[in-house]
Structures are given as C-alpha cells and as structure tokens.
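Here's the structure we're looking at; comments come further down.
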Amino acid sequence: MRQREIFIAFFRVGLLGYGGGPSSIPLVYKEVVEKYKWIDAEEFSDILALGNALPGPVATKMAGYIGLRVGGYTGMVNALVATVAPTIFLMIILLTSLNAYKDEPWVRGMTEAVIPVVAVMLTVLTWGFIKRAGQSKLGWYWTFTFIIVSFFLLESFQLHPAILILFLLVGALLKGDGKVKHMKKERWNR
C-alpha cells in the first residue's frame, strides 16, 4: 500500500509540475507534508535546502530521498520513476503535437499563462517558510535580515544560490547553540 501511495504522490508531481523543478516544489510539499504527512515542514525545508545545494534537478533529488525514507530502496526507485516517467511521455507527445502548432496564439498563450501561476505557488510556499522562520528561535529580525542580505548577494553579486546555502549551513553548524562545541569536547575526551 505504501509503495502505491509513493508512486501516486510523485506521479502527480511529475505530471503537474509544469515548468521544471521550482514549480514542482510546492506540489511535493502538498503531497508529502500536507496529504500523506510522511515528513514535517521543518524536515521538508532541510531537504529542500540540501537538494538546492547539490547538482541536478531538485525534484528528482527530493523524490529519491523521500522515497528512500518512506519506502526504502524500492520506494526510492518508485518515486524516481513516478517523477520522471510523466515528463518523458509528455515531452514525446507534446513536442510532436505542439511542434506543429507552435506559432498559434493559443499555444503561446497557454505556455505564457503558466508563468504567473507558478510564481503564485512559489510565493505561497516562500511565505510559509518566512512565517516558520520568523516564529522560530531565529525570530523576525534575523529572518528579515537574512532575506535582505541573501537577496542583495544573489541579485547584486550574482552569487550562486548553492554557495549561499552552503555558507548558511556552515554558519548554523558553527553556531549550533553549543552543540558542535560540545560534540567536539566529547570526541576529544574519549
């Protein structure tokens, strides 16, 4: 039963994630956090951050990890196939049929109409992350400070998002409320 749910969840993401990885993220969130409750919102944020820091499409990385966590190696393969198969079939079907009509106004309108919908989906997901961060130990002041500094670094210096995420992860590890320092002390005392 669990393998069937994994397949259905990620097949929907693969089928409806029109626009690539970023547009799939809210769909993955809806399936794995809200519908099936396999992971919580905080763990989803961690998986998303790590997935963005690694090379390759974020949707397949998330599908692979979540599938592995929920259903073992079979779940991982199941989630990956479910995520990728719709894209393969739809690309073959759509490219062969839409290529003949690519200059038609209804085709251009259809593809352009998706952009604002994806923007709204990403904005809603982003606002959820901002609210969770502001209500966490981080607080609103540091949340908005990180948002402003991150935006400035990404837009003004064209800093790659993975580098920014890496710096933030290293900073969090070094701060770590003394946990890292405590772990180092324990290791040296052995």
List pairs: first in segment 2-17 and buried (at least 22 other Cβ atoms within 10 Å of the Cβ), second outside any helix (DSSP H, G or I), Cβ under 8 Å, 6+ apart or cross-chain? Ala9/Tyr36
Within segment 13-58, how many residues turn out to be polar (S, T, N, Q) and more than 18 Å from Thr111 (Cα to Cα)? 2
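The rows are residues; the columns are (1) among the charged types (D, E, K, R); (2) loosely packed, with under 11 Cβ neighbours inside 10 Å; (3) modelled with pLDDT under 85.
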position: Ala85; (1), (2), (3): no, no, no
position: Ile92; (1), (2), (3): no, yes, no
position: Asn99; (1), (2), (3): no, yes, yes
position: Lys102; (1), (2), (3): yes, yes, yes
position: Val114; (1), (2), (3): no, no, yes
position: Gln135; (1), (2), (3): no, no, no
position: Trp142; (1), (2), (3): no, no, no
position: Leu168; (1), (2), (3): no, no, yes
Output the number of residues of segment 55-64 satisfying the condition of being surrounded by fewer than 18 Cβ atoms within 10 Å (Cβ to Cβ) and in contact with a helix residue (DSSP H, G or I) (Cβ under 6 Å, 6 or more places away or on another chain). 1
Among (1) at pLDDT below 95; (2) part of a helix (DSSP H, G or I), where does Gly56 come up short? (2)
Taking Tyr101 as meeting all but one of (1) closer than 30 Å to Leu164 by Cα; (2) among the hydroxyl-bearing types (Ser, Thr, Tyr); (3) more than 23 Å from the chain's Cα centre (by Cα), write down the number of the exception. (1)
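Matching residues to (1) outside any helix (DSSP H, G or I); (2) in contact with a Lys or Arg (Cβ under 6 Å, 6 or more places away or on another chain); (3) free of Cβ contacts under 8 Å to residues at least 60 places away in the same chain:
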residue	(1), (2), (3)
Trp127	no, no, yes
Lys131	no, no, yes
Tyr141	no, no, yes
Leu154	no, no, yes
Leu159	yes, no, yes
Ala162	no, no, no
Residues of segment 18-46 classified as within 14 Å of Gly75 (Cβ to Cβ), touching a residue at least 24 places away in the same chain (Cβ under 8 Å) and in a helix (DSSP H, G or I), total: 1
Matching residues, segment 90-103, being in contact with a helix residue (DSSP H, G or I) (Cβ under 9 Å, 6 or more places away or on another chain) and part of a helix (DSSP H, G or I): Leu90, Leu98, Tyr101
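The values are calculated or read from the model by the stated rules, or taken from the named source; none is laboratory data. Keep in mind that this is a model prediction, so the values were computed, not measured. Neighbour counts run over all protein chains shown; Cβ positions are idealised from the backbone, glycine included.
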